[in-house]
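One structure is given below, encoded as structure tokens.
A short reminder: the numbers here are calculations on the coordinates, not readings from a lab. Keep in mind that what you see is a predicted model, and the values were worked out from it rather than measured. Because the Cβ atoms are built from the backbone with ideal geometry, glycine has one as well, and the counts that use them run over all protein chains shown.
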Amino acid sequence: MVAATGLMNSKYAVAIALAAIFSAAVAVPTQAFAAEVQAEIVPGASTKTNDAYSPNPIEIKEGDTVIWTNRDGALHTVTSGTSPEPDGIFGMRDATNPVLVPPSRTFSFTFTEEGEYPYFCTLHPAMNGLVKVSEAGGPAMQEITATLDGNSYKVTAKSSAVQVSSVTIEPNTSVEVTVSGTGEVELTLPKAMIDGINKIEAGDQEIAFQSVGSTDSDSTIKFTVPSGVSEVEIYGAMVVPEFGVIAALILAASLVAVIGFARFKGTSLGFGRF
């Protein structure tokens, strides 16, 4: 009887152990798929408003951590609430003192509940941003703005695994996209910024991509970000040039027109050719 009881207890022990292992195995994916999302306090943020933080809004999933890096030369804060009133969810050391983020330093926060979280800089109250947290699972939409010579270009990203933190235009050359995470991402890029997309690179590695849509104003592509990659470069038949280049082309065209007109007038008045 004692032996039977011992055998029964050992079976229960094995069953409990297996149940614990199974529970742990089921619980791991939720943690494993949580992402670290990169964001920035942009240069010159003190003079900006809803473009002081990038991207804005930040769209993430429950369990993701947002890491803001201060790219500006001044102190800033990332304080939850609507300016000028903190709500105490993140970015405060205590009830009255915000967490200061010096230049080149970071601030991070993990979002565990679905919802919208406005935030601002207590030192420069016009600076504001928004974090949108959706239920875990499924792709998240992100909107990122690229700027060049005072012109803005809206880029849309869609992914459940990759966060796009910034888009930088290299005039006449390429569009650089800063990413975090590994997996598939879909980008919609304005044709006024880049058109005729023909190649994507990550360092020396060329990345295969698929064109999934095109309108008169936008191109949509899909590709997979490899492990360890933080930046991809997109090339096209046309990448918007700097204003100086455009101005030079306009000036050259104007000079040609003026010279042509002068020659025409000179010939019609009998002065011969210039």
>> If packing is taken as the average count of other Cβ atoms within 10 Å, what order do 115-125, 156-166 fall into, highest mean first?
In response: 156-166, 115-125
> Where in region 129-160 is the amide nitrogen less than 14 Å from a point lying 7 Å along the Cα-to-Cβ axis of E184?
Replying inline: 138-140, 158-160
> Among the aspartates and glutamates, which have Cα under 12 Å from the Cα of K158 when same-chain residues fewer than 8 positions away are ignored?
Replying inline: E59, E143, E184, E186
> On average, how much area does the Cα convex hull of region 119-187 cover when viewed from any direction, in nm²?
Replying inline: 6.3
> Can you work out the FRET efficiency for the pair E114 and S217, with r the C-beta to C-beta distance and R0 = 35 Å, to the nearest 0.05?
Replying inline: 0.60
> Among the aspartates and glutamates, which have Cα under 17 Å from the Cα of K48 when same-chain residues fewer than 8 positions away are ignored?
Replying inline: E40, D72, D149
> How big, on average over all directions, is the shadow cast by the Cα convex hull of region 33-137, in nm²?
Replying inline: 5.7
>> More than 22 angstrom separation, counting every C-alpha pair in region 138-259; what % is that?
In response: 35
> For a label point 7 angstrom out from the Cα of D195 toward its Cβ, which stretches of region 201-238 have the backbone nitrogen within less than 19 Å?
Replying inline: 211-221, 234-238
> What's the Kirkwood radius of region 56-110 in Å, using all Cα pairs?
Replying inline: 12.1
> Can you list residues whose amide H is under 5 Å from E242's amide H, if they're 5+ apart or on another chain and H is modeled 1.01 Å from N?
Replying inline: N172
> Where does the charge balance sit around T173 when Lys and Arg score +1, Asp and Glu -1, over other residues with C-beta under 12 Å from its C-beta?
Replying inline: -4
>> Expected output is a single nm value to one decimal: the length gained when fully extending between R93 and E231, i.e. 0.36 nm times separation in residues minus the C-alpha distance. What is it?
In response: 46.3 nm
